[in-house]
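Visitor: Right, I'll just put the structure down here and ask away after.
The values are calculated or read from the model by the stated rules, or taken from the named source; none is laboratory data. Note that this is a predicted model, so its numbers are computed, not measured. Because the Cβ atoms are built from the backbone with ideal geometry, glycine has one as well, and the counts that use them run over all protein chains shown.
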């Protein structure tokens with residue numbers, strides 16, 4: 001079974017609008033962490049936001065917030081006030097306690113911000 | 001955030017030659033570094049986990065004799081693709097972790113083309 005599922009291969013959003021990128025995960029570990037990374041066409045992976053499984057509040061970093069719904073095993077990324085520079089591939093990733101420091105990545109979502 | 005560099009950013013080589021890729025943590029000491037491979041329009045695939053001063057741990061299916069990893073210091077890990085073949089052409093990207101922190105910070109990646 002897929003550990004990380006991103007069901008949206010591509011998403012489009014108008015500049016200045018908000019967009020939600022979906023991510024669901026599968027783990028039986030009680031302790032895990034969830035990450036979102038942005039990969040522009042240049043290839044670098046840019047860390048955006050982190051959510052620990054025991055964190056009580058949803059993580060926020062500037063225009064990025066993580067909608068963490070533990071019971072539903074979802075960790076959706078919300079980008080507010082989209083900018084043209086947000087156009088990129090976005091990857092959701094998970095680190096499970098039993099897998100040490102290894103990250104498992106989803107297949108990614110290509111976000112295009114239209115002017 | 002922590003800065004990770006990779007060198008070279010792009011390399012073209014002839015089939016049968018060896019290529020060395022360097023990954024450096026510039027402003028922190030990385031006890032653990034990771035090497036990933038990414039094919040076009042696909043997700044990242046973990047190749048190996050590298051701990052300073054010890055042998056790398058390779059993922060299943062990754063040939064350790066072909067992809068030599070050395071983590072000689074807390075700021076440098078190298079990946080050597082030995083006897084490269086066209087099927088080794090890919091985007092190789094490293095990441096580094098600060099101590100026991102959860103977040104991995106990625107380098108800008110190296111595009112390898114084997115002719």
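Visitor: Taking the range A:50-91, which residues are at the interface with chain B (Cβ under 10 Å from one of its Cβ atoms), within 12 Å of the chain's Cα centre (by Cα) and either within 21 Å of residue A:10 (Cβ to Cβ) or surrounded by fewer than 17 Cβ atoms within 10 Å (Cβ to Cβ) (or both)?
Guide: A:89, A:91
Visitor: Also: When the range B:90-115 is examined, which residues are found to be outside any strand (DSSP E or B) and at negative phi?
Guide: B:100, B:101, B:102, B:103, B:107, B:108, B:115
Visitor: Here's a check for you: in the range A:28-48, which residue that is more than 10 Å from chain B (Cβ to nearest Cβ) and modelled with pLDDT of 95 or more is farthest from residue B:40 (Cα to Cα)?
Guide: First, the residues of the range A:28-48 that are more than 10 Å from chain B (Cβ to nearest Cβ): A:28-31, A:36, A:38, A:40-41, A:48.
If we keep only those that are modelled with pLDDT of 95 or more as well, we get A:36, A:38, A:40, A:48.
Working: A:36: 19, A:38: 16, A:40: 13, A:48: 22 Å.
Within the range A:28-48, the match that is farthest from residue B:40 (Cα to Cα) is A:48.
Visitor: If you don't mind, there's one more thing I want to ask. Return the residues of the range B:53-65 that are more than 13 Å from the chain's Cα centre (by Cα), away from chain A (no Cβ under 14 Å) and either over 17 Å from residue B:23 (Cα atoms) or surrounded by 14 or more Cβ atoms within 10 Å (Cβ to Cβ) (or both); say none if nothing qualifies.
Guide: B:61, B:63, B:65, listed by residue number.
Visitor: Shifting gears a bit: Could you identify the single residue in B:62, B:11 that is more than 23 Å from residue B:103 (Cβ to Cβ), in contact (Cβ under 8 Å) with a residue 12 or more places away in the chain and assigned to a loop (DSSP other than H, G, I, E, B)?
Guide: None of the other options fit; the residue is B:62.
Visitor: State all residues of the range A:22-36 that are buried (at least 19 other Cβ atoms within 10 Å of the Cβ) and without any contact (Cβ under 8 Å) to a residue 60 or more places away in the chain; if no residue qualifies, say none.
Guide: Within the range A:22-36, A:36 is the sole residue that qualifies.
Visitor: So residue B:17 passes all but one of these: (1) in contact with a strand residue (DSSP E or B) (Cβ under 6 Å, 6 or more places away or on another chain); (2) more than 11 Å from chain A (Cβ to nearest Cβ); (3) in contact (Cβ under 8 Å) with a residue 12 or more places away in the chain. Which condition number does it fail?
Guide: Every condition holds for residue B:17 apart from (1).
Visitor: Here are some conditions: (1) surrounded by fewer than 17 Cβ atoms within 10 Å (Cβ to Cβ); (2) in contact with a strand residue (DSSP E or B) (Cβ under 6 Å, 6 or more places away or on another chain). Residue B:88 meets all but one. Which one does it not meet?
Guide: Among (1) surrounded by fewer than 17 Cβ atoms within 10 Å (Cβ to Cβ); (2) in contact with a strand residue (DSSP E or B) (Cβ under 6 Å, 6 or more places away or on another chain), the lone unmet condition for residue B:88 is (1).
Visitor: A further question follows. For residues that are over 17 Å from residue A:11 (Cα atoms) and either in contact with a helix residue (DSSP H, G or I) (Cβ under 9 Å, 6 or more places away or on another chain) or within 14 Å of chain B (Cβ to nearest Cβ) (or both), tally how many sit in the range A:92-115.
Guide: 12
Visitor: When you scan the range B:29-40, do you find a residue that is more than 14 Å from chain A (Cβ to nearest Cβ), at pLDDT below 95, surrounded by fewer than 16 Cβ atoms within 10 Å (Cβ to Cβ) and not in a strand (DSSP E or B), even just one?
Guide: Checked the range B:29-40: at least one residue is more than 14 Å from chain A (Cβ to nearest Cβ), at pLDDT below 95, surrounded by fewer than 16 Cβ atoms within 10 Å (Cβ to Cβ) and not in a strand (DSSP E or B).
Visitor: Looking only at residues that are within 7 Å of chain A (Cβ to nearest Cβ) and within 12 Å of the chain's Cα centre (by Cα) in the range B:96-110, which one is farthest from residue B:48 (Cα to Cα)?
Guide: Filtering the range B:96-110 for residues within 7 Å of chain A (Cβ to nearest Cβ) gives B:97, B:102-106, B:108-109.
Now restrict to residues that are within 12 Å of the chain's Cα centre (by Cα): B:106, B:108-109.
On the way: B:106: 14, B:108: 18, B:109: 15 Å.
Only one residue tops the list, namely B:108.
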